[in-house]
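Each remark here refers to the structure printed beneath this line.
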Amino acid sequence: MKLGLRRTHEEVVVFREKWGAFAFGLALGAACIAFAIGFYALGADRAPSLFIAPFCFVFLTAGLAVWRRLAETAKSWLAEDGAVVFRADAKGVEVAPWPGSASQRFPWPAISEVALADSLRTRHADETAYNRGALIVFFAAGEYACASWFDLARNGLARSAEGRVFQLASYPLQVSQELLEAVRKIAPADVVVKRYEAVVFDYVKRMDGYEEISLRRERSC
């Protein structure tokens, strides 16, 4: 899905192309529903229904929720000529990582840093995941301090290897510098806005790594 950037004096918006976003949302909802039906059909005769039914119900509900939210947000996508992924204005930021996911707003006092990572690597014991163009909203230390992993996951949040709570979205790499400068102008002075060559969340070593863009490269981008 193609990402774009739109900016005015009041806000900066990263958005997904509307038709691609709509198609992805339909496919995501269908995949959840198909998985629920298929898993139940394959496992109904082999496992206790008390285990199978709740598990399948979760995926079925998730798929229907994605479709319902698509119907609710399609009109706004058409009005804004795209599905908003990230929006920053004077009040704070709005994040909706995936088409069909709930949009959430966070006030600036709740945020400590907005990071643009050309590359994000997330390492676990059994796998390593890579993301290009990762927009990471880090929250202030006092925010979500006592939240469990379930509470965070329910709100689309996560913890880094060193425990920093964050919300993840995407941005188009080709406009990295323009986006960086636009968010810097809008964000309060106490909120860090940086671009990184690479960010690493190593959950095996419980360490975070941040490789900043060199000043020479930042000026040339």
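The values are calculated or read from the model by the stated rules, or taken from the named source; none is laboratory data. Keep in mind that what you see is a predicted model, and the values were worked out from it rather than measured. FYI the Cβ positions are ideal-geometry reconstructions off the backbone, even for glycines, and counts take in every protein chain you see. Keep in mind that these areas ignore ligands, DNA and RNA; they rest on the heavy atoms of the full protein, side chains included. Shrake-Rupley method; radii C 1.70, N 1.55, O 1.52, S 1.80 Å.
Assorted remarks:
- Single match in Ser112, Ser160, Ser103 (criterion: free of Cβ contacts under 8 Å to residues at least 60 places away in the same chain and open to solvent by 30 Å² or more (accessible area, probe 1.4 Å)): Ser103
- Selection from segment 36-57 of residues that are modelled with pLDDT of 70 or more and open to solvent by 90 Å² or more (accessible area, probe 1.4 Å): Ile37, Tyr40, Leu42, Phe57
- For segment 173-192, the tally of residues that are surrounded by fewer than 17 Cβ atoms within 10 Å (Cβ to Cβ) and either assigned to a loop (DSSP other than H, G, I, E, B) or not assigned by the TED database to the domain that holds Ala141 (or both) stands at 3.
- Qualifying residue in segment 161-174 (condition: under 24 Å from Ala102 (Cα atoms), touching a helix residue (DSSP H, G or I) at 6+ places or on another chain (Cβ under 7 Å) and of a type in the set (Val, Ile, Thr)): yes
- Test: residue in segment 83-90 that is surrounded by 14 or more Cβ atoms within 10 Å (Cβ to Cβ), at pLDDT below 65 and not polar (S, T, N, Q): no
- Flag for Phe166 being within 16 Å of Phe201 (Cβ to Cβ) and either part of a strand (DSSP E or B) or open to solvent by 70 Å² or more (accessible area, probe 1.4 Å) (or both): yes
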